[in-house]
Amino acid sequence: MRPRPPSLRFKRRYILVELVPRWYVPDGRDLYPFIIEAICSLFGDTVVAEMQPAVVFCEHGFAIVRCRRGTELKLGTALATVTGTSDRPFTLRGHATSGTILALKRKVQALLTAMEERICTVTGHTCNVCCYDNQKVDVIERGIKGQHLVFLTEQDSEEMECNRNTRWDMTGQ
Amino acid sequence: MTLSDACIHPYPDGDSTLRRMALEAKELGFGSCVALTTQPIPVLPLKIIRGILLREETAKRVSTALRRVPAESGVVMVEAGESGFNRAVLSLRGIHVLKGIARTPQTSLDHVAARTAADHNIAVDIDLYPLVHERGMVRQKVLQRYEDLLVLHRRFRFPLTISSGARSILDQRSVRDMVLLCSLFRMSADEVRRALSSVEEITGRHGPVQVVR
């Protein structure tokens with residue numbers, strides 16, 4: 001089938017979102033149902049049909065979500081209500097809206113920060129620790145009942161090291 | 001004009017430390033935050049105001065609890081209740097914010113209470129947590145309550161505050177997201193910005209005249 005000429009195509013808008021926490025790297029196909037559910041529960045099926053949302057890029061903790069021009073504010077609102085699931089919580093933070101994917105991919109390069117993953121023992125529990133360039137530290141404890149997260153900074157983790165008696169109660173939330 | 005998130009719950013109530021939440025809030029466009037914590041507040045790149053939330057069943061108990069509020073508490077919040085309770089509480093001295101209005105019946109904040117709030121410069125909080133995390137009928141009711149609250153706010157001009165109610169950095173929302181979420185109940189961007197900057201206004205109000213020696 002021949003593609004339509006540009007004058008007959010729908011105009012699109014693309015929204016760049018950051019996935020928080022950054023170490024959660026889903027596939028575009030995994031992310032899509034969360035976005036559709038958020039739009040559908042907030043605005044209904046009619047708006048989903050009008051919006052034609054799609055995840056066109058999902059790498060390095062960033063995703064680009066496509067919609068029809070004129071519906072980007074509604075999409076942005078719905079994206080703010082994405083919370084993930086109870087055992088795998090995440091959120092989407094909007095960074096920019098553009099008419100081209102290329103412009104947003106350039107922005108991703110500017111926003112990328114280095115992330116280092118390592119395994120540590122915190123109060124007797126083996127945890128994955130993700131350290132970011134900007135002093136942020138994510139502690140992920142994986143157990144048979146799922147995962148527990150604690151978000152702190154380098155300074156907090158240093159204080160924790162100094163005070164070995166500190167019990168980070170990661171199960172009591 | 002400093003934009004403030006009017007309520008966050010850092011560790012141990014939530015899973016994120018105060019430093020981390022402050023770091024995130026700064027990146028999200030805020031200049032200050034009200035934190036419900038009893039832990040000591042470290043020096044941070046963002047202004048943190050200590051908040052205290054009073055949850056009592058009667059206005060008399062609130063009045064008693066107000067006398068025991070620590071002096072370093074910057075913002076005193078009271079959990080809203082039924083109509084009579086709210087009217088009584090809004091006329092008490094020393095309260096800054098009436099919180100949790102979405103969880104109360106529709107008649108809990110009437111025109112009399114709204115006028116009292118305006119006279120005493122007490123803000124009513126718009127908590128965005130249920131808008132983000134609830135679905136279906138619960139969220140519909142919250143949207144109705146906030147729309148109704150806006151009608152009273154536009155008529156009587158009492159201050160509003162907006163809070164994320166975040167217990168984790170995953171619950172914190174940017175200023176842009178807050179504007180978009182508030183547009184769901186027809187709150188304009190100007191009104192949102194005014195509400196986000198009203199924490200300074202309600203905490204920095206003048207007390208009774210005192211003799212300075």
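The values are calculated or read from the model by the stated rules, or taken from the named source; none is laboratory data. As the structure is a computational prediction, the values presented were derived from the model and not from experiment. We place every Cβ from the backbone using ideal geometry, glycine too, and count neighbours over all the protein chains shown.
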Q | Checklist (1) more than 21 Å from A:Leu42 (Cα to Cα); (2) assigned to a helix (DSSP H, G or I) applied to A:Ala78, failing item | A | (1)
Q. Of the residues B:Leu28, B:Leu36, which is touching a His at 6+ places or on another chain (Cβ under 6 Å) and surrounded by 15 or more Cβ atoms within 10 Å (Cβ to Cβ)?
A. B:Leu36
Q: Being closer than 30 Å to A:Val137 by Cβ and modelled with pLDDT of 90 or more is the filter; apply it to segment A:1-28 and report the residue that is surrounded by the fewest Cβ atoms within 10 Å (Cβ to Cβ).
A: A:Glu18
Q. Which of the residues belonging to segment A:104-121 are part of a helix (DSSP H, G or I) and either more than 27 Å from A:Thr77 (Cβ to Cβ) or without any contact (Cβ under 8 Å) to a residue 12 or more places away in the chain (or both)?
A. A:Arg106, A:Gln109, A:Ala110
Q: Only residues that are surrounded by fewer than 19 Cβ atoms within 10 Å (Cβ to Cβ), over 16 Å from B:Ala195 (Cβ atoms) and not polar (S, T, N, Q): list them for segment B:131-147, please.
A: B:His133, B:Glu134, B:Arg135, B:Gly136, B:Met137, B:Val138, B:Lys141, B:Leu143
Q: For segment A:60-81, state whether one or more residues are at pLDDT below 95 and of a type in the set (Ser, Thr, Tyr).
A: no
Q.
Among the residues of segment B:146-170, what is the count of those that are more than 8 Å from every other protein chain (Cβ to nearest Cβ) and part of a helix (DSSP H, G or I)?
A. 11
Q. Got a sec? Which of B:Val124, B:Val151 is exposed (fewer than 15 other Cβ atoms within 10 Å of the Cβ), modelled with pLDDT of 95 or more and aliphatic (A, V, I, L, M)?
A. B:Val151
Q. Within the group A:Ile101, A:Ile64, which residue is away from every other protein chain (no Cβ under 14 Å) and either crowded, with 19+ Cβ neighbours inside 10 Å or under 16 Å from the mean Cα position of the chain (by Cα) (or both)?
A. A:Ile64
Q | Given (1) away from chain A (no Cβ under 14 Å); (2) outside any strand (DSSP E or B); (3) not hydroxyl-bearing (Ser, Thr, Tyr), index of the condition B:Arg173 fails | A | (1)
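Residue-wise test of (1) among the β-branched types (Val, Ile, Thr); (2) without any contact (Cβ under 8 Å) to a residue 12 or more places away in the chain.
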| site | (1), (2) |
| --- | --- |
| A:Leu31 | no, no |
| A:Ile35 | yes, no |
| A:Ile39 | yes, no |
| A:Ala49 | no, yes |
| A:Val56 | yes, no |
| A:Gly61 | no, no |
| A:Arg93 | no, no |
| A:Ala96 | no, no |
| A:Leu102 | no, yes |
Q: Would you be able to say whether some residue in segment A:111-134 is modelled with pLDDT under 85, crowded, with 17+ Cβ neighbours inside 10 Å, among the hydroxyl-bearing types (Ser, Thr, Tyr) and more than 30 Å from A:Ile36 (Cα to Cα)?
A: no
(Q) Would you confirm, using the coordinates I've provided, whether A:His148 is more than 16 Å from the chain's Cα centre (by Cα), within 20 Å of B:Met21 (Cα to Cα), within 14 Å of chain B (Cβ to nearest Cβ) and not charged (D, E, K, R)? (A) yes
Q | Count of residues meeting criterion [in contact with a strand residue (DSSP E or B) (Cβ under 8 Å, 6 or more places away or on another chain), of a type outside the set (Asp, Glu) and within 8 Å of another protein chain (Cβ to nearest Cβ)] in segment B:1-20 | A | 6
Q | Any pair with Cβ under 6 angstrom, 6 or more apart, that starts in segment B:129-148 at a residue that is in contact (Cβ under 8 Å) with a residue 40 or more places away in the chain and ends at one that is polar (S, T, N, Q) | A | B:Val132/A:Thr81
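Based on what the data block shows, is A:Glu50 charged (D, E, K, R), within 14 Å of chain B (Cβ to nearest Cβ) and more than 21 Å from A:Thr100 (Cβ to Cβ)? Even if it seems obvious, please write down each step before you answer.
Values: charged (D, E, K, R): yes; within 14 Å of chain B (Cβ to nearest Cβ): no; more than 21 Å from A:Thr100 (Cβ to Cβ): yes.
No.
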